[in-house]
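What follows is a set of notes on a single structure, which appears directly below.
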Amino acid sequence: MDAQIPYKVMFLTGTRADFGKLKTLMLRLQADERFQVHVFVTGMHMLAKFGSTWDEVRKAGLPNLYRFINQNESDSMDQVLAKTIAGLSDYVKEMTPDMIVVHGDRVEALAGSLVGSLNNIRVAHIEGGEVSGTIDELIRHAVSKTSHLHFVANEVAMQRLLQLGESEESIHIIGSPDVDVMNSSDLPTLGEVKHYYDIGFSSYAVLLFHPVTTELKHIRQQVDVLIDEVLESGQNFVVLYPNNDHGTEIILEAYERLRNHPRIALYPSMRFEYFLTLLRNAHYILGNSSSGIREAPHFGVPAINLGSRQNNRVSTETVINAPLTREGIRQAIALAEKTPRIARELFGNGNSATAFHQILLEPAIWNADIQKSFIDRTPESSRTGVRQTGGVK
Ligand code: UDP
């Protein structure tokens, strides 16, 4: 049966990384009585060690929250995937959403798209069609293939989804929803951020470094080199914990050297809006976070992008790619200090929530066939040249 108004839209959030982007979309739909918004909160949000960020979701003023703990410390990412699928599957049977909205490239998003697809629930994927390194690269495309609708950041992302065999009608360019927040005039001031997090300096760089799951053997050496250079630089740093991918323990253990250091302020996580203000006022950001590639260029803040995690992503003149060696990092820091601030609008103009809302008001979205077909764009000759084995001569 076709979905009826009010449409029940269930968002899945598993980390600070997706919540910052999904929040504007959630709030926009919630303000329209033709939609009923539900939020499945899981993943890192539920872990005290990573700052219990589920509380940020609650504070955002979203009423229909369901909290689900999908992991313990000893779980590997495949186990987290399995547990999320199990919990979400039970949940959707109870609340029967008309649509599941997932973001990005985390295992929780993959759980969301699989549970939706396997239960004939429409799945919308936000910010597919990107490329990167680490396991995220595989997960992101798998989420796209198990989603029915795509809301992408730009034309390039759209072209990549077309390459994956997705139909043109299923892809909508809305920009990156975090641009809505970055362009907002409501961001806190640096003074408010310093006060809220008790940061004792105004001149600083930001460090945000995640494990690359396919380079586990090298992480300890990578992070030790990084810390050596951070301390050697003589600068103040605001350091944020990594995400909870395989290898995160190694980074956290090494970060003990930074704890209680007078020039270091170390936090599990910051509220998105606060983090953006911090970033906007930083000398530069160092590490391998997507925010160095996506958000820093938007503000014109120099970013030192280390190693392979953001491989193949869009680069601009304010992004300095560097190897994870002492010399490489030292040179990159010197360069970042001299790099002029040039802001670039690469991922939309801050209108994503409005565009998303308008598209979801189109009846065609809710009536479209849930069965997907691969749109074959291989040349005619290779499609008709299929060879038979055995049989007909
Ligand atoms: N972020 C945040 N608070 C923090 C650190 C990061 O809100 O303390 C945001 C950041 O602005 C970005 C997102 O989380 O939009 C993802 O950053 P992260 O480096 O955690 O993950 P990645 O996207 O690189 O996997």
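The values are calculated or read from the model by the stated rules, or taken from the named source; none is laboratory data. Please read these numbers as outputs of a predicted model, since none were measured by experiment. Note: ideal-geometry Cβ built from the backbone for every residue, glycine included; neighbour counts use all protein chains shown. Areas reflect the complete protein model, heavy atoms only, side chains present, ligands, DNA and RNA absent. Shrake-Rupley method; radii C 1.70, N 1.55, O 1.52, S 1.80 Å.
Conditions first: (1) open to solvent by 30 Å² or more (accessible area, probe 1.4 Å); (2) free of Cβ contacts under 8 Å to residues at least 12 places away in the same chain; (3) within 21 Å of the chain's Cα centre (by Cα). Leu252 passes all but one, so which condition is the exception?
Against the list (1) open to solvent by 30 Å² or more (accessible area, probe 1.4 Å); (2) free of Cβ contacts under 8 Å to residues at least 12 places away in the same chain; (3) within 21 Å of the chain's Cα centre (by Cα), Leu252 comes up short only on (1).
Which of the residues spanning region 20-58 are β-branched (Val, Ile, Thr) and either out of contact with any Leu (no Cβ under 9 Å at 6 or more places or on another chain) or over 16 Å from Tyr7 (Cα atoms) (or both)?
As a first pass, look at region 20-58 and keep what is β-branched (Val, Ile, Thr): 24, 37, 39, 41-42, 53, 57.
Passing the criteria: Thr24, Val41, Thr42, Thr53, Val57.
Checking the condition crowded, with 18+ Cβ neighbours inside 10 Å and either without any contact (Cβ under 8 Å) to a residue 60 or more places away in the chain or within 24 Å of Glu249 (Cβ to Cβ) (or both), which residue from Pro340, Pro323, Pro268, Pro302 passes?
One residue alone meets the criteria, Pro302.
Being over 21 Å from Ala296 (Cβ atoms) and modelled with pLDDT under 95 is the requirement here; does Ile135 meet it?
The answer is yes for Ile135.
Would you mind telling me which numbered condition in (1) under 26 Å from Leu346 (Cβ atoms); (2) over 22 Å from the mean Cα position of the chain (by Cα); (3) within 14 Å of the ligand (Cβ to nearest atom) Ile199 fails?
(1)
So which helices (runs of 4 or more DSSP H) are wholly in region 126-189 and hold at least 3 residues that are open to solvent by less than 10 Å² (accessible area, probe 1.4 Å) and either charged (D, E, K, R) or touching a strand residue (DSSP E or B) at 6+ places or on another chain (Cβ under 6 Å) (or both)?
Of the helices (runs of 4 or more DSSP H) lying wholly inside region 126-189, those with at least 3 residues that are open to solvent by less than 10 Å² (accessible area, probe 1.4 Å) and either charged (D, E, K, R) or touching a strand residue (DSSP E or B) at 6+ places or on another chain (Cβ under 6 Å) (or both) span 136-145.
For region 85-107, how many residues meet the condition of being touching a helix residue (DSSP H, G or I) at 6+ places or on another chain (Cβ under 6 Å) and within 16 Å of the ligand (Cβ to nearest atom)?
Matching residues across region 85-107 total 5.
Applying the selection to region 343-365, what residues are hydroxyl-bearing (Ser, Thr, Tyr) and surrounded by fewer than 21 Cβ atoms within 10 Å (Cβ to Cβ)?
Of everything in region 343-365, just one residue is hydroxyl-bearing (Ser, Thr, Tyr) and surrounded by fewer than 21 Cβ atoms within 10 Å (Cβ to Cβ), namely Thr354.
Mind checking which residues of region 271-286 are more than 24 Å from Val57 (Cα to Cα) and open to solvent by less than 60 Å² (accessible area, probe 1.4 Å)?
Answer for region 271-286, where residues must be more than 24 Å from Val57 (Cα to Cα) and open to solvent by less than 60 Å² (accessible area, probe 1.4 Å): Ala282, Tyr284, Ile285, Leu286.
What tally of residues in region 201-249 results from selecting those that are assigned to a loop (DSSP other than H, G, I, E, B) and open to solvent by 20 Å² or more (accessible area, probe 1.4 Å)?
10
Out of the residues in region 190-199 meeting the condition of being in contact (Cβ under 8 Å) with a residue 60 or more places away in the chain and assigned to a helix (DSSP H, G or I), tell me which one is surrounded by the most Cβ atoms within 10 Å (Cβ to Cβ).
Per the criteria, the residue is Val193.
Might you let me know whether region 332-343 holds any residue that is in a helix (DSSP H, G or I) and in contact with a Lys or Arg (Cβ under 9 Å, 6 or more places away or on another chain)?
No, because not a single residue in region 332-343 is in a helix (DSSP H, G or I) and in contact with a Lys or Arg (Cβ under 9 Å, 6 or more places away or on another chain).
Is it true that some residue in region 246-267 is of a type in the set (Gly, Ala, Ser), farther than 23 Å from Asp178 by Cα and modelled with pLDDT under 95? Break it down stepwise before answering.
Going through region 246-267, the residues of a type in the set (Gly, Ala, Ser) turn out to be 247, 254, 265.
If we keep only those that are farther than 23 Å from Asp178 by Cα as well, we get 247, 254, 265.
This time we only want the ones that are modelled with pLDDT under 95, so: 247.
Looking through region 246-267, at least one residue is of a type in the set (Gly, Ala, Ser), farther than 23 Å from Asp178 by Cα and modelled with pLDDT under 95.
Considering only region 256-276, how many residues are more than 18 Å from the chain's Cα centre (by Cα) and within 14 Å of the ligand (Cβ to nearest atom)?
3
Which condition number does Asn311 fail, the rest of (1) surrounded by fewer than 22 Cβ atoms within 10 Å (Cβ to Cβ); (2) within 12 Å of the ligand (Cβ to nearest atom); (3) under 17 Å from Pro211 (Cβ atoms); (4) not acidic (Asp, Glu) being met?
That leaves (2) as the condition not met.
Please work out if Asn120 is on the phi > 0 side of the Ramachandran plot and either open to solvent by 50 Å² or more (accessible area, probe 1.4 Å) or away from the ligand (no atom under 16 Å from the Cβ) (or both).
It is true that Asn120 is on the phi > 0 side of the Ramachandran plot and either open to solvent by 50 Å² or more (accessible area, probe 1.4 Å) or away from the ligand (no atom under 16 Å from the Cβ) (or both).
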